[in-house]
Amino acid sequence: MKRLITYLIVIALTFYTAVLYGSTSFLMLFYVELALPFFLLLTLLPAMRSLRLTMELPIPVVEQGQRVPVLLKVRNGSFPVGGKVAVQVKAKLPMGQKTEKTWFYSHLTGSRKEAVIKTEYHARCVGNIHMEIGRVWCYDFLGLVALPLSARYWKALKPETMLVLPRICEVPVMVSRQSRDFAGESEDYSKEHGGDDPSEVFQIRDYQPGDKLRSIHWKLTAKTDEMMVREQSLPLGCPVDFYLDLYQPAGHHGRKHETKRDSYLQIIASISHSLVLEGCRHHIIWFDSQRNDICRCRIEKEENIYEMLFQLGQLPVYHSRKELTELYRQKYHETPGITALELDTELVLKLNGETQARYSGDVSDIERQLGAKELVV
């Protein structure tokens, strides 16, 4: 814009001088200056057809608050020397937050060159950040003419996804004997201990005093002339069901609620991680309004938490209440766990229907509150 204003001032001064002094030279210069934008436009149009753009995220998983590199590669086949490209990058934030739009600029220095725009993105929001190119403008080497680049040169690029992890802190957890011995119904079975589920065989072994007659493998016993026993499997049920209530009244927006969303994922990840450290299997259960379906993620190890966060990363809130326990029962038809945890968007944690904690404040405050009270499951 500054260059255009300067250019218009120069044209005006040239014309004024030509009229004032009746100079033919200044008049010719005035015509040349008028024709210059059209000449620049003619050189810019064919050059834009050979332009190609790509975007890369070298680090796809980061922690909240980090600055991560974003590489925009601009390859030009016949771009004018000194031309400039402006690229708008859109970052779609998680859980219904507003999309961030940022402009980046790069000067192209010659034919068949590749310019790399190295910039940084501040990962301030927890969850999946989908980044894609939004708009592209091309400028001539004088910066007087600018044209938008057609979307067909970059629209086919798939959005890059970055997972921003919340700050996971330790929560004091005490797992009761009842939860540790919980079998329940499950499609997963212990590889270390036998149980009493007749639908799955844990191992075939020699008969030991005290084994029930109905567990004897008669065919194998007759074949080997030794008493052999079919030991049943132990199903690995989840004693804790952790429901995520993503209901939020309509019209709740703003920075305050964005911070709550970050805290929401921080609380989930911290409690889940602490349960894993205590060897407590659990289900994370939520309603996906995009699929109109109840979903769950089984958590047994730390890797499962990251998988769960990746699934939750772009879930929007919904504005009509859902009966999560009833929807879950209708879909999975399983015996519920011993403990039911529930976290709503106001950061109220309930244990078996009773309020366990109310969290508030920023990340450091949440961390302090999570460590202040023991969670008994």
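In nm, give the distance between the simple-model label positions of Arg75 and Glu303, each being 7 Å from the Cα along the Cα-to-Cβ direction.
A separation of 3.5 nm, rounded to one decimal place.
Based on the alpha-carbon gyration tensor of region 304-376 and its eigenvalue square roots a ≥ b ≥ c, which shape applies: rounded if a/c is under 1.5, prolate if not and a/b is larger than b/c, or oblate?
Taking the square roots of the gyration eigenvalues as a ≥ b ≥ c, region 304-376 is prolate.
Order 65-71, 336-342, 172-178 from most to least packed using the mean count of other Cβ atoms within 10 Å.
Listed from highest to lowest mean packing, they are 336-342, 65-71, 172-178.
For the residue pair Met174 and Gln311, what label-to-label distance in nm results when each label sits 7 Å from Cα along the Cα-to-beta-carbon direction?
Each label point lies 7 Å from its Cα, and together they span 3.1 nm.
Averaging sequence separations of C-alpha pairs under 8 Å and six or more residues apart, then dividing by the length of region 283-371, give the relative contact order as a whole percent.
Here the relative contact order equals 16 percent.
Once the piece of chain linking Leu42 and Arg67 is laid out straight, how much longer is it, given 0.36 nm per residue of separation minus the C-alpha distance between them? Let's see the in-between values first.
Values: separation 25, 0.36 × 25 = 9.00 nm, distance 4.04 nm.
Length gained, Leu42 through Arg67: 5.0 nm.
How much length would be gained if the chain were fully extended between Lys350 and Val376, taking 0.36 nm per residue of separation minus their Cα-Cα distance, in nm to one decimal?
Gain on extension, Lys350 to Val376, equals 8.2 nm.
For region 337-377, what relative contact order do you get, as a whole percent, if you take Cα pairs closer than 8 Å and at least 6 residues apart?
Working: 35 pairs, mean separation 10.9, N = 41.
Averaging sequence separation for qualifying contacts and normalising by length gives 27 percent for region 337-377.
Between Asp293 and His319, take the C-beta separation as r, use R0 = 22 Å, and let me know the FRET efficiency to the nearest 0.05. Show your work: numbers first, answer last.
Details: r = 17 Å, r/R0 = 0.79.
Calculated value: 0.80.
None of the figures in this text is laboratory data; all of them are computed from the coordinates on show. These numbers come from a predicted model, not from an experiment. Note: ideal-geometry Cβ built from the backbone for every residue, glycine included; neighbour counts use all protein chains shown.
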